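Before any comments, here is the structure.
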Amino acid sequence: MAVEWTKIAFYADELLIVEQEVVGRLTGGVLDGIALGIADNNVVQMDDAGPAASGEYARFTANGIEGRPAADVMGDLSGQAAAPFSMNSQKITALLDPTADQEAATKKYVDDRINKSYSITIENPSDSDDITIAYTDVAITVTAIEAVITAGTSVTFWIMHNPDRTAAGLEVDDTIFTCNSLTTGNGWSSGFEDATIPAASFIWIEAGTVTGVVTELHITIFYTVD
């Protein structure tokens, strides 16, 4: 290691180093009695076989510091939090869908899986009713159907779906639904034969038999987005 001459100015109460330059590479030991390392009052040197690149972050090693790319920094920090972390009203974006119970989820992921519903109220239903309930632009799965009547005795019906409204419908269940409750309603939540409705499909009701003078038939179809 080469050391240039040092110009030193002396004053009555201080020593001032005006100019100093160290040329070469130090591979260990001390520099004029100055210890290298990461302890208090040590001189720190690069300890990176990489070597470090512009834009990287510094991390202490046992012997000095090394450069760390941003991706590696995130890995270094993973699992190291010891206190709540505030995002200061900023967003976390570009999340993958969760696969474990304690993983974060996006708004879309949660919204898609909340039980949603389509509802229709048919006044004075008749045996010939064929009425569109909804159109879905995404694939859905029917999870439950609830129905209640006002007055009369009962109404039977099918829930159908098909991308082509003029075509024969596909039945959510091949067993006809019978609603005969005027109070708490009738409900179905399992055993559907064809609960998955493709995207870009119409959903409609086809009435079977109306018994008595039924003034209203209300139906709600609950579903999740696939």
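The values are calculated or read from the model by the stated rules, or taken from the named source; none is laboratory data. What you are looking at is a predicted structure, and each value in this text was computed from that prediction instead of being measured. In this analysis, Cβ positions are derived from the backbone assuming ideal geometry, glycine residues included, and neighbour counts consider all displayed protein chains.
Points to keep in mind about this one:
- For Asp226, the conditions (1) among the charged types (D, E, K, R); (2) at pLDDT 95 or above; (3) within 30 Å of Tyr109 (Cβ to Cβ) all hold with the exception of (2).
- Qualifying residue in segment 161-168 (condition: surrounded by 16 or more Cβ atoms within 10 Å (Cβ to Cβ), over 16 Å from Ile133 (Cα atoms) and in the same structural domain as Ile131 (by TED's automatic domain parsing)): no
- Residue match in segment 179-190 (condition: surrounded by fewer than 19 Cβ atoms within 10 Å (Cβ to Cβ) and on the phi > 0 side of the Ramachandran plot): yes
- Test result for Thr132, exposed (fewer than 12 other Cβ atoms within 10 Å of the Cβ), among the β-branched types (Val, Ile, Thr) and not in a helix (DSSP H, G or I): no
- Here Glu66 passes the criteria (1) under 30 Å from Leu36 (Cβ atoms); (2) not assigned by TED's automatic domain parsing to the domain that holds Gly37 except the one numbered (2).
- Tally, over segment 80-124, of residues that are in contact (Cβ under 8 Å) with a residue 60 or more places away in the chain, of a type in the set (A, V, I, L, M) and either over 30 Å from Ile219 (Cα atoms) or surrounded by 10 or more Cβ atoms within 10 Å (Cβ to Cβ) (or both): 2
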